[in-house]
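Each remark here refers to the structure printed beneath this line.
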Amino acid sequence: MRVLHRTWGRPPLSYGAPSPATWKPRYSRRRDSELTADQCMIKGRHFFVRGLIEIPVRDSGDTFSWGVWVSLNEANFARTHDLWDDPAREQEPPYFGWLSTELPVYPHSTLHLKTHVHTRAVGQRPLIEVEPTDHPLAIEQREGITTSLVKELADLLLRG
């Protein structure tokens, strides 16, 4: 995980994974695989987009974000790619996807949680909505977290 956004004097409010969990550096040498800052294709068969799981910080009004990767089926990935720079992309319905980032702070794996990918304005990463379940990540997205938990996450992620 790496810090995406830092506000001086406060713990970071965003962390992100540089690639989907299944990406291997050797794939960069393949013609049918590519990793960019926003999209990824592996072996011409697996397709991913990068987005943000946003979690309200209840006692501050801030938003905490996880920068994550979500797998899409080939048709939805192609549609996302085709509309990437089109202002009309905001009108797209959400795409179903599987969370493809392991967030190490949770007691249960975050890999393969069901999600909905909401396209936003050009220049903004998609909003990733975790399907409502009893997984702690889904609960946090629904109910929010506290600044105390933001500090705990910073301690876990930055200091190991």
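The values are calculated or read from the model by the stated rules, or taken from the named source; none is laboratory data. Since we're looking at a predicted model, the values are computed, not measured. We place every Cβ from the backbone using ideal geometry, glycine too, and count neighbours over all the protein chains shown. Heads up: the accessible areas ignore ligands, DNA and RNA and are worked out on the full protein's heavy atoms, side chains in. Shrake-Rupley method; radii C 1.70, N 1.55, O 1.52, S 1.80 Å.
Table for the structure above
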{"quantity": "Qualifying GluC sites (Glu not before Pro) for region 66-132 [loop in DSSP, other Cβ within 10 Å: at most 16]", "calculated": "102"}
{"quantity": "Fraction in percent of alpha-carbon pairs per bin - 5 Å, the chain", "calculated": "2, 9, 18, 21, 19, 16, 9, 5, 1, 0"}
{"quantity": "Per residue accessible area of the chain, 1.4 Å probe, in Å²", "calculated": "55 Å²"}
{"quantity": "Eligible aspartates and glutamates near residue 43 by straight Cα distance, threshold 15 Å, same-chain separation 8 or greater", "calculated": "32, 34, 74"}
{"quantity": "Rg over Rh [alpha-carbon atoms, Kirkwood Rh] for region 83-124", "calculated": "1.13"}
{"quantity": "Helical segments meeting 15 Å axial Cα length and Kyte-Doolittle -0.5 threshold in the chain (DSSP H)", "calculated": "147-159"}
{"quantity": "Solvent-accessible surface ranking, highest first, for 151, 24 at 1.4 angstrom", "calculated": "151, 24"}
{"quantity": "Stretchable slack from residue 75 to residue 54, in nm (0.36 nm times residue separation minus alpha-carbon distance)", "calculated": "5.0 nm"}
{"quantity": "Rounded FRET efficiency, nearest 0.05, which uses the C-beta distance separating residue 114 from residue 31 and R0 of 22 Å", "calculated": "0.10"}
{"quantity": "Local electrostatic count, residue 41, Cβ distance below 15 Å [Lys/Arg +1, Asp/Glu -1]", "calculated": "+4"}
{"quantity": "Taking N as its residue count, the alpha carbon Rg of region 42-94 over 2.2 N^0.38 Å", "calculated": "1.44"}
{"quantity": "Fraction of accessible area attributable to carbon and sulfur, region 1-112 (%, probe 1.4 Å)", "calculated": "51 percent"}
{"quantity": "Surface/4 estimate of mean projected area, convex hull on alpha-carbon atoms of region 15-106, nm²", "calculated": "7.4 nm²"}
